[in-house]
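The values are calculated or read from the model by the stated rules, or taken from the named source; none is laboratory data. Quick caveat, the model's predicted, so the values are computed rather than measured. Methodologically, a virtual Cβ is constructed for each residue, glycine included, from the backbone with ideal geometry; neighbour enumeration extends over all protein chains shown. Calculation scope for accessible area: heavy atoms of the full protein, side chains included, ligands and nucleic acids excluded. Shrake-Rupley method; radii C 1.70, N 1.55, O 1.52, S 1.80 Å.
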Amino acid sequence: MIISKVGIFMKYDEFKREMEKEGTGDSMSVGAGLTGEIILYGSLVMVMFLLSRVFSEVLLAIVGISIIGIGISTMPLIFKFKEENSNQMNIQLFWISIFVGVLSVALYLAK
Amino acid sequence: MVKKMDNFLPLIVVFPLIMSIIFSYIYKSKIVRILTFLMALILVVLPFFGTYGTYFFGDHAIALGSTSLTSGIAYVLNPAKNVMVFTLMLIGSLILISATGEKKLNGIFTSLMLMGLASVSAIIMAEDIFNLYVFYEIATITQAGLVIASGTENAYKAAFRYLLIGTMAGSLLLLGIALLLSATGTLNIEDMRNFLANNSATPAIYGGLLMLIIGLGYGGGLPPFHTIKADMYSRARPFVASMLQTYSKFVLIALMIVILKLFGGLPYFNITRGVLIALSIGGMVFGTVMALLQNDYKKLLAYHTISQGGYVAAGLAIGTPLGIVAGIFHGINHAIYKSALFLGAHIVSKAKSSNMAKLGGLLPFMPFVAFMILCAKLATIGIPPLNGFQSKLLLIDAAMKANIPELAIIMILVSIGTFVYMMKAFYLIFLKPCSEEQIEEYKNIKISKYSVFSLAILTVLCILLGIYPDIVVDRIYPFAKDIGINWALNK
Amino acid sequence: MGVLSSNREIAVSLSFILFGSVIFYSIYSIDVVEGINALYTSTYIIPNYVTAVLFDWRGFDTLGECFILINSVLVAGMVFGKGLFNRGFLKELYRDKKTCEDMDLGFTPIIKVLAIPMSIVLMLLGIVVILGGHITPGGGFQGGSLIAAAYVLAIISFGIRKCPINFSHKFLETLESFGALTFLILGLLGMAISGYYLFNVGEIYGMNPFPSPLSIAQNGSLNVGIIPYLNMAVGLKVLAGLSTITTLLISERIIFKNIKD
Amino acid sequence: MDLQLASFIAAGVLVVVGLYGFFFVDNIIKKVIALSIIENGVNLTLVSMGYREGGYAPIYLPTLKFQLFSTNMAYPLPQALVLTNIVIGASMLAIMLALSVVFYKKYKTLKTSIILKED
């Protein structure tokens, strides 16, 4: 089955194992986690579409979507994502500082 | 002698402040409970004291002569702001009523609640940007205090984080205000808007805009500040959390309106609008994805608040009149159904735990409460005929009319996620089969009548606004038309 | 940031440099527009223009700022166990009575002898600064914080138990509530007379609320209105608020009292 | 040298140094101090905005001519805003210090990475 190798569909068992580590391995939670993964990717794809439309760059869309595709085939993104969203002060400060940096670039340099 | 004016608008802010001092002074006394109840009743009528129009504090109106600027502090009340203040006060009153059922109610808690209500209504009405900053800081300290009130170690930590980052964001916001003051020479929002529209941009103005957005992100819980906010909501008592989320929703709306008012029509605002839309998409997606992973009911609700905040921000960030109406309307709806959900969580948490894996089978013990919680959940997912449906429909309509179908698709995707975790929570709490011992435990649960009363009123409001959305929308529309601009992404 | 990986350190430094330069550039390129200041500088209300802006033009800001102080005293009290829903965490922390020692830094007699006269002089100066706030440099905040500083000086040099100048906690609370309520009610007075909140009432039934000497007059305007009273209210509130915060931070007894029941 | 510009530069330095301390220093008390430095930088920005070359302090003395005084005095508005902001800063500081006292009691350390770690 070639298709299952690139999808996240084969990863169900791995996903379940990962979630059991945190004590939330029942089927409902795993389903919810998978939904989260799909929403994350889906919104990334949509954002890529939007960006490519705003900047009128077809190439950006293609490159972005293929990067997302590679991301999908390698690993579940969502656990990484959860780590980044933890409430450890240092990680929060890291993201805030990245945010202010990106914001200042967006407002000042890209006008 | 000046001609006497009969506008009691300041009482909306001042009366809760006076009562809050009295409450903090008599905090141990036995009459606190009765007074709190009375205060809750008074709060509902307070928003009707003001008459529409601009109110000048200390009779310092628009100065004639050398400058035609407003010299003092001005507040503006219009139907849209009145609806927001009324919603805020109503929810505050219902929370105070359900707090009277608490065993350890004390005056300090009531006092903080009242200060928060006064300061957030001041933020909504203020037409003066420094006054807005002062009340923004009061709201920050109040929220930290309300979290600390629950007294656990985690609550202390959440409040500490919130204060540390809040002080930074507040200082940067003030820096922005200082930059704008230096560039425009005024603090009044209307005058500032006129100045900005007629003069070209300087680096100081860009800096001011940047700092205002940082303040907005913090006050409204947009990413990357969402983890701090979610932490706060989940660590506070659930019925306190319903108040906290109401505060930050209205702070978000008020600050967004200020930014739109100041910069909305300017040519260099396009990139900022993109940034704001990106932030709101981030809020929606991050909130939902994190909520899908949670196992604790309170945390789930906390992240759900973040994702709905993203919706509100998205509507306002689009900036067309329809988008602004949709954003404000969704904010009001969200405040209502989310308070209902948190109150439901408060009732459920009487069953010892908020960990969903340990709950289950609660339906036979509180069928009426379960029904109301289900109503609120359906409202948040966006199922007709409840209020969430109406505002989400408006939001998606606004996104389509601005020619951003991608945003609409993301909204629908996020709604699906909301459906999944809300139904998961409902199943795990109310429907899942449970053991005999648990049933024995459940028999001892005493449900506070006050909480159920508040929950019932909120549910009725959900249905009412779902069937007659025009009650709110008609009041917001003229205001939105005033500050919104029509545009569409034509590429 | 402590525990971050080196890639992250680089990213964070880069974005910090960007943000810092943006802040620096914005502040550097400030070009002050006169704007509303033209009105503030050309209108005579009282000799001290800063106080005029604080209490007349922008009185409501000052009110809000008073409430921040009150709020902070409340919340700081809450951190130390006042009015919590659940005191389990604090009870666990402060279980052993041995740690209940009030701060006494063991200063030498020289400091102890000098501190009291100095703090008395400072307090008197503070009172002068508050009362003359509308004609001389100073005002409610400045005077209030001077008095609070004097009190802090006394407590630090003697320790809170043996300090000769000792305000009780209840007294300070009363003072603070009284100050804030006075401010609010003076605002309501303006509303009753003119319809505008915090209106600077010039006369009440033909009486001048604060008769002032002719020598501070300009253009025949003698009237300072209610500003001196507002100054006093703010002074009381600030001195009580700052002293309460110090007492809270310095003494563990309050925590033990709060978590006793 | 232009005194106002120098003052603005100093304010910018204070804000940036404060932000550095807030983002990069691990000690919680130092973080709080850094926040206080940011605030002082903002206050300095505001005060410098009121500066007038060779101006008078905004206190009217009857010996001065009013016309001369009013055209040459420093702007009072930023100074009033600073007075307000100082009290705001002090109150925030008080709560944060109170919380630090409690956490020091619990953890016997001031490291942010230990006190505010993930939970």
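Averaged over the residues of peptide B:278-284, the number of Cβ atoms from other protein chains lying within 10 Å of each residue's Cβ is 2.
Applying Stokes-Einstein at 4 °C and 1.567 mPa s to the Kirkwood radius of the protein assembly as shown, computed over alpha-carbon pairs, gives a translational diffusion coefficient of 45 µm² s⁻¹. May I ask which residue of B:Ile141, B:Asn82, B:Pro478 lies farthest towards the positive end of the charge dipole of chain B, with charges of +1 (Lys, Arg) and -1 (Asp, Glu) on Cβ and the Cα centre as origin? Of the listed residues, the answer is B:Ile141.
The relative contact order of chain C, computed from alpha carbon pairs under 8 Å that lie at least 6 residues apart in sequence, is 26 percent.
Taking a 1.4 Å probe, which of B:Phe365, C:Phe141 shows the most accessible area, and what order do the others take after it? If you can, show how the numbers build up before the last one.
Values: B:Phe365 70, C:Phe141 10 Å².
Final ranking, largest accessible area leading: B:Phe365, C:Phe141.
With 0.36 nm allotted per residue and the present C-alpha distance subtracted, the C:Phe167-C:Ala11 stretch has 50.9 nm of extension available. By definition, a body whose alpha carbon gyration tensor gives a ≥ b ≥ c is oblate when a/c is 1.5 or more and a/b is not larger than b/c, and chain C fits this oblate description.
At C:Met207 and C:Phe256, where each label point lies 7 Å from the Cα along Cα→Cβ, what is the point-to-point distance in nanometres? The answer from the label model is 5.0 nm. Shape class for segment D:61-119, computed from the alpha carbon gyration tensor (a ≥ b ≥ c): prolate, with a/c not under 1.5 and a/b above b/c. Net charge dipole, chain B: roughly 1000 debye, given to the nearest 20, about the Cα centre with Cβ charges of +1 for Lys and Arg and -1 for Asp and Glu.
Within 10 Å of each Cβ in A:52-58, how many Cβ atoms from other chains are there, averaged over the peptide? Don't jump to the answer; show the numbers that get you there.
Numbers: counts 1, 6, 6, 1, 1, 0, 0.
What the average comes to for A:52-58 is 2.
Size descriptors for segment B:10-483 (Cα atoms only): Rg and Dmax, in that order, 21.6, 81 Å. Once both axes come from the Cα atoms, what is the angle between helix B:449-467 and the longest principal axis of chain B, in degrees from 0 to 90, rounded to 10? The helix B:449-467 is inclined about 60 degrees to chain B. Counting only trypsin sites (Lys or Arg not before Pro) that DSSP places in a loop and that have at most 11 other Cβ atoms within 10 Å, the longest clean stretch of chain D runs over D:1-64. So how far, in whole Å, is the C-alpha centre of segment B:259-290 from the one of segment B:224-240? Here the answer is 22 Å between Cα centres.
Under 22 Å of direct C-alpha separation, and excluding same-chain neighbours fewer than eight residues apart, B:Lys229 reaches these lysines: A:Lys80, A:Lys82, B:Lys157, B:Lys249, B:Lys298, B:Lys299, B:Lys338, B:Lys377, D:Lys31, D:Lys117. Between B:Glu437 and C:Phe178, the distance separating the two model label sites (each 7 Å from Cα on the Cα→Cβ line) works out to 5.9 nm.
Note: relative contact order over segment B:71-139, using C-alpha pairs below 8 Å and six or more positions apart, is 45 percent.
Over the whole of C:140-149, what's the average partner chain Cβ count within 10 Å per residue? Rounded to a whole number, please. Please report the intermediate quantities before stating the final value.
Values: counts 1, 5, 2, 0, 1, 3, 0, 0, 1, 0.
Counting other chains' Cβ atoms within 10 Å and averaging over C:140-149 gives 1.
Once the Cα-Cα distance is subtracted from the 0.36 nm per residue extended length, the A:Lys82 to A:Ile70 segment shows a gain of 2.3 nm. Where only DSSP H runs of four or more residues are counted, chain B gives -24500 deg cm²/dmol as its mean residue ellipticity at 222 nm, each run worth -39500 (n - 2.57).
Once backbone amide H atoms are built at 1.01 Å from N, D:Tyr56 has D:Met73, D:Ala74 as its partners under 5 Å, excluding neighbours fewer than 5 places away on the same chain.
Bridge orientation summary for the protein assembly as shown: considering DSSP beta bridges with both residues in this region, about 90 percent are antiparallel. Using alpha carbons only, how many degrees (0 to 90, rounded to 10) separate the axis of helix C:109-131 from the longest principal axis of chain C? Its long axis makes an angle of about 30 degrees. Springs between Cα atoms under 10 Å define the GNM used for chain D, and in it the highest mean-square fluctuation of D:Ile59, D:Ile38, D:Ile29 occurs at D:Ile59. Please report how many Lys pairs in chain C have alpha carbons closer than 24 angstrom, counting only residues at least 8 apart along the chain or sitting on separate chains. Counting lysine pairs in chain C gives 24.
Entry note, chain D: the mean residue ellipticity at 222 nm calculated from DSSP H runs of n ≥ 4, each adding -39500 (n - 2.57), is -24500 deg cm²/dmol after division by the residues and rounding to the nearest 500.
Need the C-alpha centroid separation for segment B:109-188 versus segment B:334-357, integer Å. Comparing the Cα centres of segment B:109-188 and segment B:334-357, I get a distance of 26 Å.
Computed from Cα positions, the angle between helix C:227-250 and the longest principal axis of chain C comes to roughly 0 degrees.
Of all lysines in the structure, those lying under 22 Å Cα to Cα from B:Lys401, and not within fewer than 8 positions of it along the same chain, are B:Lys261, B:Lys392, B:Lys481, B:Lys491.
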